[in-house]
Amino acid sequence: MTFFAPFTIPFIIGTIFLFAAVATKFVLWLVRLPRVDKRLIRHNLFTWHTLAAVWEVVRESLLHVRIFKVNPVLGFMHASLAFGWFLLIVVGWIETVAYLGAQWVPLQGHVFFKYFMPINGITHHEPLFEQLMDALLLVVLTGVALAWMKRLRSRFMGMRRTTKHILFDRVALSALWFIFPARLIAESLTAALYGGEGFLTGSLGHALAETVPHDLLVMFYEPSWWVYSSLLGIFFVAMPFSRYMHILAEIPLIFLRHWKLHPTAERKSYDRFEVEACSRCGICIDPCQLQSELGINDVQSVYFLRDRRYNMLNLKVANNCLMCGRCEAKCPVGINLNTLRLNSRAKRRNIPYEGRYKYLRGLDRSSGEGRVGYFAGCMTSLTPATQHSMEQIFKAVGEDVWFADRDGGVCCGRPLMLTGETDAARKMVAYNTDLFRRHNITTLVTSCPICLRVFREHYRLDGIEVLHHSEYIDRLITEGRLSVAADARRYTYHDPCELGRGCGIYDAPRRVIAAVGEVVEPKHSRRDALCCGSSLANTVIDDSQQLRLGERMTAELEATGCDTIVTSCPLCMKAINRAARCSVEDISEVVAKNILRS
Amino acid sequence: MRNINFGYGISRPRAIDIDNNDLRKSNAIIAEMPELQACIGCGSCTASCTAGNLTEFNFRRLHTAVRRGEYKGAYEDINKCMLCGKCRLVCPRGINTRALIMLIKRKLGDF
Ligand code: SF4
Ligand code: SF4
Ligand code: SF4
Ligand code: SF4
């Protein structure tokens, strides 16, 4: 049996190119991984983590379960394209086996089986497979139709905006759009000339055979297969350089994640897997307040990743992000968008300068004595009421406290990290770690979520428990060390980005407020909470833009009809205070006011 | 009397001839961040400064000097800043001071 025809050449070239290009990429990225990561892979390769990864590949790369959760219509579009196509390949392969038995058939023989059937003299039909293949083709075509619709009107898909694409993507996208319609035409023409029983291609073939003159059908027969094969070829060649690389990059990424690899403050080749696993679905655009409130349209994660991937990232795009994490929370691929943004900044800004911060040597402004340390944080010194309330609470429970920075302290280092100066930040980290150790504390309480996050993620504080003050107060109340009186006020709690999405602390502050009054939730809360706009991570937007972000989110908090807005971050507090008409208090103030003295 | 420091002074008394200063870098900084011209020299940034609390670092003096084309020692000095961002929160003119610090560093040394 022959399984070759000239029209298959574009397809064959495309396939070989695709495999070569993708294999080169993957091998290069894997070889360049840092040694620790390679050790992790070796360590976890033959464990159940690998099985878990296989299961996730099925769920995410084929079925796109996470996209379904964010946006069902979009999920259906992705799943019908990905899973439908995958089944077309698998069922197509079984189909050839059903016709020919277990004999070796080259790849193009499977892919263009309908073409090779008649020239190999196979005239009997396997109706089950013909119907099945037609059904799958219909599913994929539905996906394509939805994709067309999404381009035309993104709102139809429940999205305000869809991604703007670069040239490479357009080539691949156009090819992809027409691959399946071309297949439909080619197979229908084949059915018209040689018969077929599928409900789609078969019926279309019959209709064509009845209406179109036979010569014309013969004339278009070969070219239609040429078109199908060429579109596949073009798509495969463009694929490794376009967004569709995500189909292939996501698979190794899932395995690497299950083997416990993750991006860090320094760039490494692992990042390439994450960057190229972005499908540019655009789901990250809508949650971004820079887009919805300020109309900034070129900095969102999808554009950031695209720019980084093609080496056209500029400082302004890298820096124009609040790192609020709202997009990261929604990304169906689970890309570590904040960390990638951070290490892009580090690459451009981190200039090691040894003479820096010499003045830290021997510095110690701390006061007091105790196993509990209190680190207010730079920002908290601008909200003295918080600091004062904490001191009242410490006094009420009789805690011996060592105050790290009551008379001026050293920054925790996260602001420097956020702007990409990781080496400089390391000096702060070393200084503060040493300070905490020297004073033998076992618990470290901080009022600033920014500090909290860096203490937990970048400091090595084994033996010292790090708590946010809301967690600390929550513990005091549940342990019965602190009693508070309930008042009749209604409180709305604002989740600070760094505390909520950053450290996963949502319940402790709510429990604390509930002990005092009624908690009313705003429209966006917890993982979905809005950013106050004053984030240190953004050095591009100006004051008026910060103010606008703050006003819009404050309006939403006030819409709950609360008496008082409560938050637990000095930066959020400042931002809300600028815009609020009702009173704004830190969680420690709410508690300190209501302490029951025994 | 001479020893009392009221904290208003930006620099010790001396004669400066601005015409002799090379204003190219200063102009480039202002071109990139025109809002710096809105500074009223109130000194709130210096008063709240974390680094200024621990050292002689004086942000108001620094950015005023740089604007006037006096760059000597400015780069070394600005590297004392920890980018904590307090100055941005207190500035009554809403100047994006952290971006300004990064910009001064970029123009005077880094990169
Ligand atoms: S970053 Fe995530 S949400 Fe955004 S386009 Fe890429 S895959 Fe979609
Ligand atoms: S982290 Fe926030 S500001 Fe940055 S791109 Fe995502 S949603 Fe927008
Ligand atoms: S706080 Fe603002 S206005 Fe005042 S001196 Fe500093 S930069 Fe100028
Ligand atoms: S950001 Fe720098 S200049 Fe501003 S208050 Fe902090 S240490 Fe001082």
**OP:** Return the sequence-ordered ³J(HN,Hα) values of region A:43-48 in whole Hz as given by the Karplus equation 6.51 cos²θ - 1.76 cosθ + 1.60 applied to θ = phi - 60°, using x for Gly and Pro.
**Re:** 5, 9, 4, 9, 10, 5
Subject >> Distance from region B:91-108 to region A:485-527 (C-alpha centre basis), Å >> reply: 34
Original post:
Which three extents, in whole angstrom, do the alpha-carbon atoms of region A:485-593 cover along their principal axes, largest first?
Top reply: 44, 29, 25
Subject >> Computed lengthening from A:Ile119 to A:Glu465, 0.36 nm per intervening residue step minus Cα-Cα distance >> reply: 117.1 nm
Subject >> Using a Förster distance of 51 Å, the FRET efficiency for A:Arg151-B:Asp17 (Cβ separation, nearest 0.05) >> reply: 0.20
Original post:
Using a simple charge model, +1 on the beta-carbon of Lys and Arg, -1 on the beta-carbon of Asp and Glu, nothing else, what dipole does chain A show about its Cα centre, in debye to the nearest 20?
Top reply: 1640
Original post:
Can you pull the accessible area of B:Lys80 for me, 1.4 Å probe, Å² to the nearest 10?
Top reply: 60
Original post:
With each label point set 7 Å from Cα along the Cα-Cβ vector, what nm distance links A:Val58 and A:Asp400?
Top reply: 5.9
Original post:
By how many degrees, 0 to 90 and rounded to 10, does the Cα axis of helix A:214-238 deviate from the longest principal axis of chain A?
Top reply: 30
Original post:
Which whole-number percent gives the relative contact order of chain A, counting Cα pairs below 8 Å spaced six or more residues apart?
Top reply: 12
Subject >> Estimated vicinal HN-Hα couplings, Hz - region A:357-372 in sequence order (Karplus 6.51, -1.76, 1.60; Gly, Pro = x) >> reply: 6, 4, 5, 6, 4, x, 7, 7, 9, 6, 8, x, 8, x, 7, 9
Subject >> Carbon and sulfur %, accessible surface of chain B computed with the full protein complex present, 1.4 Å >> reply: 49
Original post:
In terms of the ratio Rg/(2.2 N^0.38 Å) built on C-alpha atoms, what value belongs to region A:290-411?
Top reply: 1.52
**OP:** Let me know the mean shielding of B:53-65 by other chains, meaning the per-residue number of their Cβ atoms within 10 Å of its Cβ.
**Re:** 2
Original post:
When the helix-only estimate is applied to chain B (DSSP H runs of n ≥ 4, each -39,500 (n - 2.57), divided by the residue count), what is the mean residue ellipticity at 222 nm, nearest 500 deg cm²/dmol?
Top reply: -11500 deg cm²/dmol
Subject >> Peptide B:74-84 - average C-beta neighbours from other chains (10 Å radius) >> reply: 6
Original post:
Under 5 Å between amide H atoms, partner at least 5 residues away or on a different chain: which partners does A:Glu465 have, H built in plane at 1.01 Å?
Top reply: A:Thr443, A:Leu444
Original post:
Which of the chymotrypsin sites (Phe, Trp or Tyr not before Pro) across region A:249-337 are loop residues per DSSP, with 13 or fewer other Cβ within 10 Å?
Top reply: A:Tyr310
**OP:** Taking each pair of different alpha-carbon atoms in region B:44-111 once, compute 1/r for the pair, average those values, and report the inverse of that mean as the Kirkwood hydrodynamic radius in Å to one decimal.
**Re:** 11.9
Subject >> Probe 1.4 Å, all protein chains present, accessible-area order of A:Glu551, A:Glu369, largest first >> reply: A:Glu369, A:Glu551
Subject >> Shielding by partners, peptide B:97-107 (average Cβ within 10 angstrom, other chains) >> reply: 3
**OP:** Rounded to the nearest 100 Å², what's the accessible area chains B and A bury against each other, both chains counted, probe 1.4 Å?
**Re:** 2600
Subject >> Stretchable slack from A:Gln103 to A:Ala20, in nm (0.36 nm times residue separation minus alpha-carbon distance) >> reply: 27.2 nm
Original post:
Counting DSSP beta bridges with both partners in chain A, what percentage is antiparallel, nearest 5?
Top reply: 10
Subject >> Accessible-area value, A:Val90, 1.4 Å probe, nucleic acids and ligands omitted, Å² >> reply: 50
**OP:** Give the shape of the protein assembly as shown as rounded, prolate or oblate, defined through the alpha-carbon gyration tensor: a ≥ b ≥ c are the square roots of its eigenvalues, a/c under 1.5 means rounded, and otherwise the shape is prolate if a/b is larger than b/c and oblate if not.
**Re:** prolate
**OP:** From largest accessible area down, sort A:Lys395, B:Lys86, A:Lys69; use a 1.4 Å probe on the protein chains.
**Re:** A:Lys395, A:Lys69, B:Lys86
**OP:** Compute the distance in nm between two label points, each set 7 Å from the Cα along the Cα-to-Cβ direction, one at A:Thr50 and one at A:His388.
**Re:** 6.3
**OP:** Could you sort out which of A:Lys25/B:Lys105; A:Lys25/A:Lys427; A:Lys523/A:Lys593; A:Lys347/B:Lys25; A:Lys347/B:Lys80; A:Lys395/B:Lys80 sit more than 31 Å apart by Cα distance in this structure?
**Re:** A:Lys25/B:Lys105; A:Lys25/A:Lys427; A:Lys395/B:Lys80
**OP:** Please find the FRET efficiency linking A:Arg581 to A:Arg456, where r is the Cβ-Cβ separation and R0 is fixed at 30 Å, and quote it to the nearest 0.05.
**Re:** 0.30
Original post:
What is the distance, in nm, between label points placed 7 Å from the Cα along the Cα-to-Cβ direction at B:Lys72 and at A:Ser367?
Top reply: 3.9
Subject >> region A:248-349: relative contact order as a whole-number percent, Cα under 8 Å and 6+ apart >> reply: 34
Original post:
Counting only protein heavy atoms, what percent of the accessible surface of chain A is carbon or sulfur at a 1.4 Å probe?
Top reply: 60
Subject >> region A:214-254 and region A:262-311: distance between their alpha carbon centers, rounded to Å >> reply: 27
**OP:** Quick one: check the C-alpha center-to-center distance for region A:104-144 versus region A:1-77, whole angstrom.
**Re:** 25
**OP:** Enter the accessible area per residue of region A:6-246 (Å², integer; probe 1.4 Å; all protein chains in place).
**Re:** 50
Original post:
Counting alpha carbon pairs within less than 8 Å and at least 6 residues apart, what relative contact order, in whole percent, applies to region A:84-157?
Top reply: 42
Subject >> Residue-level accessible surface for A:Ser230, protein heavy atoms, 1.4 Å, Å² >> reply: 40
Subject >> trypsin sites (Lys or Arg not before Pro) within region A:490-598, DSSP loop, no more than 12 other Cβ atoms inside 10 Å >> reply: A:Lys523, A:Arg581, A:Arg597
**OP:** Place a +1 charge on the Cβ of each Lys and Arg in region A:6-246 and a -1 charge on the Cβ of each Asp and Glu, then give the dipole magnitude about the Cα centre in debye, rounded to the nearest 20.
**Re:** 1920
Subject >> A:Tyr491, A:Tyr359, ranked by accessible area, largest first (probe 1.4 Å) >> reply: A:Tyr359, A:Tyr491
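The values are calculated or read from the model by the stated rules, or taken from the named source; none is laboratory data. These numbers come from a predicted model, not from an experiment. All Cβ positions, glycine included, derive from the backbone under ideal geometry; neighbour counts span all protein chains shown. Areas reflect the complete protein model, heavy atoms only, side chains present, ligands, DNA and RNA absent. Shrake-Rupley method; radii C 1.70, N 1.55, O 1.52, S 1.80 Å.
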